[in-house]
Structures are given as C-alpha cells and as structure tokens.
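One structure is given here, and the rest of the page talks about it.
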Amino acid sequence: MKEKRIERQISLFNVPESKKISSVIKRDGRVVSFDKSKIINAIFRAAQSVQGEDRELAERLADNTFKMIHDVYPAGATPSVEEIQDIIEKVLIENGHAKTAKAYILYRAEHQRIRLKKDEQIVVDDTIPYKVLWKVFLWNVDHQCHTVDKINTHIKNKTLGKLIQESEKAYHDEIDKVSALILKRLPDVRLVVVAGPSSSGKTTTTTKISEKLKEKGVDFVLMNLDNYFLDLDQQPRDEYGDYDFEKPEALDLDLINEHLESLLDGKTIQMPYYNFKSGKREKKTQAFRLLPNQILLIDSLHGLYEGMTSRIPPEVKFKFYIEALCQIKNKQGEFVRWADLRMLRRMVRDNWHRSYDPISTIGHWHYVRRSEMRYIVPFVNSVDYIFNGSLPYELPFYKLHLLGFIEKARAKFKNDSKKADAYLRSERVYHLLSTFLDVKEESLVPDNSLLREFIGGSKYQY
C-alpha cells in the first residue's frame, strides 16, 4: 500500500515542465510558490468533516484539479488562490461530491476566521480592516438587508423605496465625512489619490466629493493618466502574449512623477496626448498648471501603487480607497463576492454605455481580478480612508438587466475547458440573481445615485 501511495504521488506531481504553474497570488497580493500538497490536504479535511476518510480519493480529486488548472492556464501563468479554490469546488461537484464541496466552501471561510482570530459572522478579505467590514455588516443587519431573503422581504412588502432612501443617505454621509477630512488637512494636502478596483464607484464618488469641496472654494483638477501610457512597442505582455494594460508598468511612471513634482511646485507642464488607435503618444501636448485654490486629483486603478507617486512627500497626499464592500449573504449563507458585484456593474455599464458584449466581460474578468490582487490589494493598508462603494439594494436591479445575458454565458462557457473560470463565475452570479424577486421600479433610484453610474439615467456625465 505504501509503494502504491508513493507511485500515486509521483503521478500527481508529474506535470510536463512546459505546462507547470509555479506560483500563485494570495489574497493579500503576495506571490508565493504553488504548493500542490495544500490542495490534497484541503480536500481531505473537507471530506473528513462529512465523515469521509479516503485519502486516496482526495488525491485523485486533486489530480483532476491539477489537470483542469493546467488546461485553463498556460505555462508561466500566475493564477490567484481564489481562482484555484473555485476550480477545486467545480471538480468536487462534477465528481459527485457536493457535500464535500459545501464543506470545502465553509472550510475556506473558517480558515480565514481562524487565521485572523475572529469568531464573529463576517469574513475579512482583500486586506480590508475588520472594523470597516463590521460597521457595514451591522448597518445592513439594522436595516434588514443583510441577506437575499431580507431584501426580498423589502421587495415583497413594498419597502424597497425606504431602503433605497436610507442607503443613499448612508452613502452621502460617507461623502461628507471624506470631504471634511480633506478640508481639515488643507493647505498641506495638494494631491488626492483615489484608488479602487474596477467598477467600485470611483467616478461618482470623486464627483460628489468635488461638489462638496467646491462649496468651500476648493476645486479638484483631474490629471488624466490615460495620456501617460507607454507606446505599444514598450507595453508589458502577459503569459498569453497579449498586451497587459492592467499593469502599472504600462504607464510612464517616471514622467508621471516628474510632472507631479512640477505641478505641485507651481510650474506649468506639457501634458502628453495618447492616441489609442495608433497606440502611440503624439507630438502635440497641452499646457497644464495647478492654481493655488486647486487640488490635483488622481483617479486611477493603480493610485496606491508605490511607484505612481513615489517622489511626492506623504504629507502632501491624501489617499483613499473605495471598494464595493458588499455584506449580503446568499441563500446558502455565503457572502456575495465583492468582485462578482463589481463584474455585474461593469457588465451593465459596458452593455449600454460602451456597446460591449456583457458575456465578453465575464470571459475577461480574470485579467481584471488578477491585476487587482497584484497591484491594488497589497497597498490598501497605506490609505487615509477606506470608503464603502456598495449599495445594499442594488443586486435585484442587475437581475432585471443581466439575467438573460448570464444564461447565454453559462451555455457558451459550459463545455470550454479553457474557460472554466468564466463558467464558474457565470454559474455563481446566475444562481445569485435568480434568487431575487423581480424589481421593475427603477424610478425609485435617484438620478444622483452611484447606481446610476452603471444602469444609466444619472444626472452626471460619464
């Protein structure tokens, strides 16, 4: 039996060198070695929790997991722990081990609680401080909107309008708080850095903060970093050979720092102009200067990346981070993933605003999420304020806009082994949205709501 076990272990780890995945991205953004034995142990522990004791079965399931990982990702890719855990769940379910899959999901959450020494009802993720999430969760509990069932009760009892009003007030109270913090640090602060992952609500939130500051005679001036992209022939590429515009190194970081220094010294710069059709920076430039009553604003996916503003003294900067800190549990008692909520937002917006197929958004979301974990999450603890960009009432409205598209996505990705991650995402959000009762009263959503940034009908121009 021992010899058989050794042979089995050799076959498990005998992956061709050209196909090997050697590293993964952890939830705190660190890149670590891909330790395959952890998959076997995690599956076995989950099986033990439902009275399973077959170690060899756990190894066979791990073998299937390894195969799927190497089918989905090319050699040299760096998937996230989150993506690998999703594949483990898929393998368990497809091989008839639904109970073990459920136990594994619970194991993931419990492991986080143990690691963080927290025994309350929430799970800390993406390095967001526990007390920030606890505050959001308590607000939801107090307003009876912390589960799908509770939100459905609001819809059924026609109290959704009241929940929307209360949610909007809480959001705008946060706007007031951040604005007050910035004003308190004047005149020292000359640069405000707003960072957050895709579709977290940066645009609407910064617009509203700008309105508040303007009431006090202070103007935000946006520095458009899109003009600082490197020429296409200098762009980094990913493991697929595609241009990786999600990396901070896709931007001319040296020139950004040089121009920031000049602007804060009162000098005029010649801002470049980037032509996205040609993939090159053009010769023409635009004069740009910061006036005494103005604060420079950087609204960027990579605003917290150290190299972005490394030459600017800390006391001159105010950095705040926005994330859709959704604290709502689905029918299975699991928290809705923040990244899933943001993907739904982007799908809606891309469809009506950019004429982009929402199904393609699902297919390419792994690029977005991986970049967030590499270049945003590790720097969250360096910010002055963390802002909750989620609205507890918004999910039912995505059902209205997206359920048909997501059904098509499930069918498209179901039998495509290289798109297993996209299929898992489409399955997860389909089952989530399907559990909500229908909502058709979009008129309940104010025209100045953050939600309007995504579903349309906003008073702001995007």
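Here are the numbers for this structure:
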read-out	value
Estimated [θ] at 222 nm from DSSP helical runs (n ≥ 4, -39500 (n - 2.57)) normalised by residues in the chain, nearest 500	-15500 deg cm²/dmol
For Arg281, residues with placed amide H under 5 Å, excluding near neighbours	Asp231, Asn275
Folded to 0 to 90 degrees: helix 202-214 orientation relative to the chain principal axis, Cα	30 degrees
Label selected from [x] 69, 50, 45; [y] 73, 46, 46; [z] 78, 57, 43, the criterion being Cα extents along the principal axes in Å as computed here	[z]
Ellipsoid semi-axes in whole angstrom, largest first, where each is sqrt(5λ) of the Cα gyration tensor of the range 164-309	29, 21, 12
Peptides 282-288, 222-228 ordered by average Cβ neighbours within 10 Å, highest first	222-228, 282-288
Neighbour-count order for Ile386, Ile182, fewest beta carbons within 10 angstrom listed first	Ile386, Ile182
Rg(Cα)/(2.2 N^0.38 Å) for the range 387-462, N = residue count	1.29
Listed residue pairs exceeding 28 Å between alpha carbons, taken from Lys247/Lys408; Lys38/Lys399; Lys184/Lys329; Lys150/Lys212; Lys135/Lys408; Lys202/Lys277	Lys247/Lys408; Lys38/Lys399; Lys184/Lys329; Lys150/Lys212; Lys135/Lys408
Ordering of 304-312, 61-69 by burial proxy (mean other Cβ atoms within 10 Å per residue, highest first)	61-69, 304-312
C-alpha long axis of helix 2-13 to longest principal axis of the chain, angle in °	30 degrees
Within the range 161-196: backbone nitrogen closer than 16 Å to the Asn293 label point (7 Å, Cα to C-beta)	187
Label zone at Val316, where the point sits 7 Å out along the Cα-to-Cβ direction: the range 247-268 residues whose backbone N lies under 17 Å	253-268
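Computed from the coordinates by the stated procedures, all read-outs in this text should not be read as laboratory data. Small disclaimer: the values here were computed from a predicted structure and weren't measured. Note: ideal-geometry Cβ built from the backbone for every residue, glycine included; neighbour counts use all protein chains shown.
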